[in-house]
Each structure stands twice: as structure tokens, then as C-alpha cells.
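The values are calculated or read from the model by the stated rules, or taken from the named source; none is laboratory data. Quantities reported herein were computed from a predicted structural model and do not represent experimental measurements. Counting neighbours? That spans all protein chains shown, and the Cβs are built from the backbone with ideal geometry, glycine included. Keep in mind that these areas ignore ligands, DNA and RNA; they rest on the heavy atoms of the full protein, side chains included. Shrake-Rupley method; radii C 1.70, N 1.55, O 1.52, S 1.80 Å.
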Amino acid sequence: MKGPVKSADGGPLTLGSLFDGIGVFPLAAARHGIVPRWASEIERAPISITRRRFPRMEHLGDITKLDGGAIPAVHVITFGSPCQNLSRQGDRTGLAGVKSSLFFHAIRIIREMRDATGDRFPIITVWENVVGAFTSNDRLDHLAVLRAFLPDAELPIPASGRWAYAGMVRGGCPDLAWRVLDAQYWARPRLARRQRIFLVADLGGRRAGEILFKPRPMLLLSGAGPAGGLSAAAGDRGPFLEAGGRVPIVRPFQPFRMRSAAKRGKRVQFRNSFGRPDDPFSTLLAGRLSPFAFWFEDDPLGGCVRYPTELECERMLGLPEGWTKYGADGEEIRPAQRYRALGNAVALPCADYIMAGIAEVLADPGG
């Protein structure tokens, strides 16, 4: 962990994490000298995990009951709002859905904090979600996200009718940039395919593009996490996802596609049931555990279809091994709870990259 980075106001850079889950944004922040100040989460197992990992981080509870003007002001707020209604594997009701509409509570809290602090805090906000947000609700949901940050701006849908996987909105406040990051390209050895939208809003300048598009070196994933995090090079090693070793091609297995192909005698479709490169990569899964196809590029016939272990799910996200194994009191977290928590989590290398950019632009040059 890097020591606290000083901000322009003289104190350490601080972070608040809404929809915190298992604390991946706080972990990435701590790795870059940003102090996790508080988190909002309602599920018992993730709260217990993060209490163990970040004993000094305050837990604020249900986001719908928070007043942004009354909670501690922070420099950075992150929020991976629920994706169930946006995902291609969800019900596609979009931001109007019961779960995904909680996005607007995060926007409310940000505005309340800005009002209460004379527009000083937060300075940077980061929103993370599934790429299905580009297409849900006839492609209007991503527009709604942008307009939530910039309510007074005239923001049309692109002439093509499609949202680019990277873009910016400049000239207003906040300064906005978004980009799809695929976890498989952000670490060595390669992680599992996991595409997510990351939107950065700079409410204090025009640095969103610098945070999200500037090349910078990445931290190694073998560093230990706080409060007893395990090295990613230690622990039990499965036959496929070996820590520090070669990583197989991993794709969601499609049993319904296989069943249909077998019934109709479609050989290509049957082969594709082991996963096409463009198949939506499930959230590991947050709602249920699904099988995956594993194979090495040089040995496709030696692959298999099976359920990933909890440890492998941690490795696929770049997390320290055992990150989700124990709770605050040393109790072992049940496998179903670990799978669910990991299914909702952010890939650490992607969060690392963004936190490195935030620390870079917000650090006091004389600190």
C-alpha cells in the first residue's frame, strides 16, 4: 500500500464508495495513496469482508437513507450502481428498473454534498456499469446517465444511433469522459474477459480525459491487500487458473445454445455453445453460479466445462487470493455468498488504472 497522498487542501485524498460490494474501489484507492473514508452497502457478507479488510472505513448503510450533505465530505466518490436492469442478461427495463434506478440516489448524494460544501466536494466521481447500458431502453439510458451529470446541457444521441465505447462531453461542469475497459487486457497474466463502462466526472476542472485515457504504468497484482490480504502468488492452485502461470481462454458455457444445436444438428452452433468471443461475459454470476468453458489456446481438446472455484473467481478479477474468504470476526464466508459478491465486483486492474489517474491529477504538487 502506498502512503496517503496529500491533496491541495493539505489533508489526505479521501474516497467514499457507494454500492461498495467487496471494496474493490477502496482497495485500488489504498494502493494509490487515497484513503477509503466510508462505504455504503446493504448486504451482510460484503460488509463483513470489507470490515475485515478496511477496519477504519466507516459503513453508512442503505444509500436511499443517506443525506449527502450530512455524511463526511470526500474528494472522490465511486459507485457501481446495480446492473440487473441494464445487463443483456437482465430484464432490460433499464434505469427505470427497481435496482438500476438506484443510480439516481448516487447522483442525489453527490449534489447534496456539493451543495453542503460550497461546490468543493466531491471533486471526482466514477460510475461503473455493464456495457448493456449503451443499448438498454432503446439506447436512451446512457443518454440519461450523461444528462444526470449535466442536467442543463443539450446532449443528443449520436447521429449513428450508437454510443461509442469511448467518448467525452466537454465545455460544461462536470467534465465527462467514458470508456469501456475489458479486464482481460489490463493485467499479466491475462484475466478473464469482463467488459465494463467506466465514466469519470471531474467537477473541479477538465481532467476526466487525462484520468481515463492517459497511458500509465500498472501496479503488479501480487501485492498484499490491507489487513491480512493474501498474495496473488500464494495459496491453493487449481489445474487451470494457476497463480502467476498461463491463463486459459475462459468463456461462459451456453447450455441452451448447445441443446438447440444438438436438436437441429447444427455443428457450428454446437461448437459455439462453448462460448463465442463476443458473448456477454456474465457477472460470474451475481444471481446464480453458471458453468464456464476453459481451454488453453494450444490445447483446445484438453479443455473442460465446469464451475469456477471461489479462488479462481478472485483470480479472474485480479484480487488478492482469499479476499472474500473471511469476514470481520474471522468467520468463513459461505461459498454462495462469495460467488454472489464476486459476481458484482469490479476487476481490480481497471479500478487501479483509474485510481492512479485520480491520485495523479489531485495530488498536491508540493505534498
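Please list 32-45, 177-190 highest first by mean number of surrounding beta-carbon atoms within 10 Å per residue.
Final packing ranking: 32-45, 177-190.
Any chance you could run the full-extension gain for Asp9 through Arg264? It's 0.36 nm times the residue separation minus the Cα-Cα distance, nm to one decimal.
85.1 nm
What accessible area per residue comes out for the stretch 1-66, rounded to a whole number of Å², with a 1.4 Å probe?
40 Å²
Kindly identify the stretch 30-75 as rounded, prolate or oblate by the Cα gyration tensor criterion: order the square roots of the eigenvalues as a ≥ b ≥ c, call it rounded if a/c is under 1.5, otherwise compare a/b with b/c, prolate if a/b is larger, else oblate.
oblate
Roll a 1.4 angstrom probe over the protein heavy atoms and tell me the percent of accessible area of the stretch 305-353 that is carbon or sulfur.
Of the solvent-accessible surface of the stretch 305-353, carbon and sulfur hold 51 percent.
From the protein chains alone at 1.4 Å, what is the descending order of accessible area for Asp67, Asp115, Asp175, largest first?
Output order, biggest surface exposure first: Asp115, Asp67, Asp175.
Can you pull the Kirkwood radius for the stretch 106-233, inverse mean 1/r over Cα pairs, to one decimal in Å?
After inverting the pairwise mean of 1/r, the radius is 16.6 Å.
Please label the shape of the stretch 4-82 as rounded, prolate or oblate, based on the square roots a ≥ b ≥ c of the eigenvalues of the alpha-carbon gyration tensor (a/c under 1.5 means rounded; beyond that, a/b larger than b/c means prolate, else oblate).
Here the stretch 4-82 falls in the oblate category.
Stretch Ile157-Arg170 to full length: gain in nm at 0.36 nm per residue minus the Cα-Cα span?
3.1 nm
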